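The values are calculated or read from the model by the stated rules, or taken from the named source; none is laboratory data. What you see is a predicted model; the values in this text were computed from it and never measured. Cβ atoms come from the backbone with ideal geometry, glycine included; neighbour counts cover every protein chain shown. In case anyone asks, the SASA skips ligands and DNA or RNA and just uses the protein heavy atoms, side chains included. Shrake-Rupley method; radii C 1.70, N 1.55, O 1.52, S 1.80 Å.
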Amino acid sequence: MVLSKLGIGHDLKGGAAAALVGGVAAALMICASFVTDQLRKFLDASADHVTEGFVFAFRAMGSVLPIAGFFFLGAEPSLSAPILDVPVTQAPSLLFELIQAVQGSIPGNQIFVAFGVLIAGMITGIDGSGFAGLPLTGSLSGALAPTVGLDPATLAAIGQMGAVWTGGGTLVAWSSLIAVAGFARVPVFQIVQTVMVPVLVGLATSTICAVLIWH
């Protein structure tokens with residue numbers, strides 16, 4: 001991992017990076033089992049740990065997968081087309097169409113526009129990806145910012161924060177939040193309920209500060 005960041009060797013992306021992370025995790029687990037279990041049993045213990053991990057993952061994701069599936073059906077055509085087995089031109093993009101339909105109803109006020117873009121970013125982040133909605137929030141910011149006298153980059157950053165903090169695994173019960181819940185041995189929905197109010201307050205505060213400071 002360090003060598004790839006330094007530009008030495010292959011650039012790790014996609015499946016290669018996932019394979020490296022999985023291999024390192026497996027090696028660390030075997031080493032930990034070797035230390036904590038008897039010499040003749042550490043391989044059996046490692047297999048038991050793998051089984052327990054899969055069982056926990058299915059329990060944690062069992063209620064999340066159907067929700068994610070519905071959002072992927074309506075997130076964008078490139079995601080819903082393979083699921084529905086239809087051409088990309090005929091696939092629905094319900095979330096993006098919803099935002100485009102309401103953008104004309106946002107009042108011409110800096111605070112209202114900023115919160116409108118923030119909410120748009122949060123809606124696009126519901127599909128579990130913190131970056132899928134960035135093109136939409138960026139285009140919205142470029143169109144709305146000049147009309148209310150805001151900096152387009154500031155407005156786009158507000159939408160980006162809404163998308164990342166929602167879809168990156170804070171307000172939706174999947175993505176990186178699943179890994180955190182598994183490590184902490186805490187139900188994932190309990191984490192969502194605990195952090196929801198602080199995250200929403202933080203997003204609202206940062207939006208107001210962005211409008212007041214970088215308008």
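Observations
- One residue from 181, 163, 153 being small (Gly, Ala, Ser), open to solvent by less than 10 Å² (accessible area, probe 1.4 Å) and either at pLDDT 85 or above or touching a His at 6+ places or on another chain (Cβ under 6 Å) (or both): 163
- Residue 214 open to solvent by 40 Å² or more (accessible area, probe 1.4 Å) and either in contact with a strand residue (DSSP E or B) (Cβ under 8 Å, 6 or more places away or on another chain) or over 21 Å from residue 149 (Cα atoms) (or both): no
- Listing of helices (runs of 4 or more DSSP H) fully contained in the range 1-77 that carry 1 or more residues being within 30 Å of residue 87 (Cα to Cα) and modelled with pLDDT under 75: 42-61, 64-75
- Taking the criterion of being within 15 Å of residue 57 (Cβ to Cβ) and open to solvent by less than 30 Å² (accessible area, probe 1.4 Å), the only residue of the range 184-211 that qualifies is 188.
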